[in-house]
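Participant: Input: one structure, supplied below.
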Amino acid sequence: MKKLISILTIFLFCYIKYSQAGDEFYDFRCICVCPSFSVIGEEETHRKIYIDIINKDQCSCENVLSKWKPNKTEMLKQFCPRCNCNFEVRNTTTMKIVVIIIICILALLFIYMGFLLCLDPWMNRRTRLYQEQQNEELSMESDDHPFTAIPSSSSRSNVINRVTQEQSKWKRQVQEQRRTVYDRHVLLN
């Protein structure tokens, strides 16, 4: 449980730290996919993505690449015909909300898993006092039942009793499936 809390704390710290870097994320941007500067005049196809935050009417290769190669207009004239520039509009608020919802769902699932891990030993506290029944066929034929369960105390609620019964039923079904598959070598259709 301590591990889970420390992991969530670190994750929350990292999320807060990087979510405040809002200068990098805008709802519009110009993306140019160009070959590397070293491949001008060659046949190589190593591509590189250049991104700049500019208006739609200024979305061109010269405007985007002027940050990386200033005062090189002659080189850009040779370089830009091989580039493909597109203007993108996106909704970063929706993206952030979706990410937050996914993080919340994962956190709830981790909390639920921790709750179940803490609840399982408490629910199985009484059943551990008894020995596990190894062979159902033999015990049904015999008249004495040395390991019959004591009726549950009144302190347990109906919900916990039902969950315990369902869990026991599920474990019996799993044992039966194991016996069928591993001992009898029969698969279900």
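Participant: Please give the number of the condition W122 fails out of (1) surrounded by 11 or more Cβ atoms within 10 Å (Cβ to Cβ); (2) part of a helix (DSSP H, G or I); (3) modelled with pLDDT under 85.
Facilitator: (1)
Participant: Hey, does region 153-169 have a residue that's more than 30 Å from L4 (Cβ to Cβ), surrounded by 10 or more Cβ atoms within 10 Å (Cβ to Cβ), at pLDDT 50 or above and of a type outside the set (S, T, Y)?
Facilitator: no
Participant: Can you tell me which of A107, A149 is of a type in the set (G, A, S), at pLDDT 80 or above and not assigned by TED's automatic domain parsing to the domain that holds N161?
Facilitator: None of the others qualify; the one that does is A107.
Participant: Restrict the check to region 74-93 and report whether at least one residue is surrounded by fewer than 14 Cβ atoms within 10 Å (Cβ to Cβ), modelled with pLDDT under 80, of a type in the set (K, R) and farther than 30 Å from I5 by Cβ.
Facilitator: Yes, there is a match, as at least one residue in region 74-93 is surrounded by fewer than 14 Cβ atoms within 10 Å (Cβ to Cβ), modelled with pLDDT under 80, of a type in the set (K, R) and farther than 30 Å from I5 by Cβ.
The values are calculated or read from the model by the stated rules, or taken from the named source; none is laboratory data. Since this is a predicted model, take the numbers as computed values, not measurements. Positions of Cβ are backbone-derived with ideal geometry, glycine not excepted, and every protein chain shown enters the neighbour counts.
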